[in-house]
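Trainee: Just passing along the structure, written as structure tokens.
We did not get these values from a lab; they are worked out from the coordinates using the rules stated. In this text the structure is predicted, and so the values were computed from the model without any measurement. Methodologically, a virtual Cβ is constructed for each residue, glycine included, from the backbone with ideal geometry; neighbour enumeration extends over all protein chains shown.
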Amino acid sequence: MTTQSTPLTCPACQAIDRADGVEDGNLFKVEHYTAKNENKLFAAILRTQDRVADQVTNFAGSLNFVYIHSVWFGVWILLNVGLIGASAEFDKFPFGLLTMIVSLEAIFLSTFVMVSQNRQAARADVRAELDFETNLRSEIWSVHIGQALGVDANHVEEVVKLAIAGASKQTS
Ligand SMILES: [Zn+2]
């Protein structure tokens, strides 16, 4: 943690500093938010095994999955109720082998779904972090632009506080 308490000489930065209630020379805990290596994060997310998990989940969520299973169950059951003769029955009613295969399939599928969900959550986290950095950057820029244009930073900050209070009152 680097907490510089050097007085800020730039008036726009002083305005940003005042916005959190105390004028202490710390704009925000900027070091907390510095850009983590996004490429590293994305690379971790794009690992091959995770992509495979995504593909499995995508397939399991498709109508093809339903069609294939309908045909599979239909053929299996018709064969085993003796439709084409008793010699073709390999898994008689109540189809114990089919039950076991489908149970195992369900276990693995639910795991794949959870892996995919974790992956999507990680992706959303990376996006949120990038959004945050963009917001931070645009806030700092707009305060400096306002300073250059002679906008009253304290007045704007008052309005922002009122607007946020009003918005949160409306949503609650
Ligand atoms: Zn500044």
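Trainee: Could you give the length gained on full extension between Glu139 and Ser70, defined as 0.36 nm per residue of separation minus the Cα-Cα distance, in nm?
Mentor: 19.3 nm
Trainee: Count charges around Met100 for me, please; just the other residues with Cβ under 15 Å from its Cβ, Lys/Arg as +1, Asp/Glu as -1.
Mentor: Spelling it out: positives minus negatives among the neighbours equals -1.
Trainee: Step through the residues of segment 117-131 one at a time and calculate ³J(HN,Hα) from phi using the Karplus curve (6.51 cos²θ - 1.76 cosθ + 1.60, θ = phi - 60°), rounding each to whole Hz and writing x for Gly and Pro.
Mentor: Each residue of segment 117-131 in turn: 5, 4, 5, 5, 5, 5, 5, 5, 4, 4, 5, 4, 5, 5, 4 Hz.
Trainee: Equivalent ellipsoid semi-axes for segment 82-172, as square roots of 5 times the alpha carbon gyration tensor eigenvalues: give them largest first, rounded to whole Å.
Mentor: 65, 16, 9
Trainee: Right, something else. When only C-alpha pairs under 8 Å and at least 6 residues apart count, what is the relative contact order of segment 48-149, in percent?
Mentor: Computed over segment 48-149, the figure is 31 percent.
Trainee: Listing Phe65, Phe93 from the residue with the fewest other Cβ atoms within 10 Å to the one with the most, what is the order?
Mentor: Fewest-to-most Cβ neighbours within 10 Å comes out as Phe93, Phe65.
Trainee: Under a Cβ-Cβ cut-off of 11 Å, what is the net charge of the residues other than Gly146 that fall near it, where Lys and Arg count +1 and Asp and Glu count -1?
Mentor: For residues surrounding Gly146, the net value is -3.
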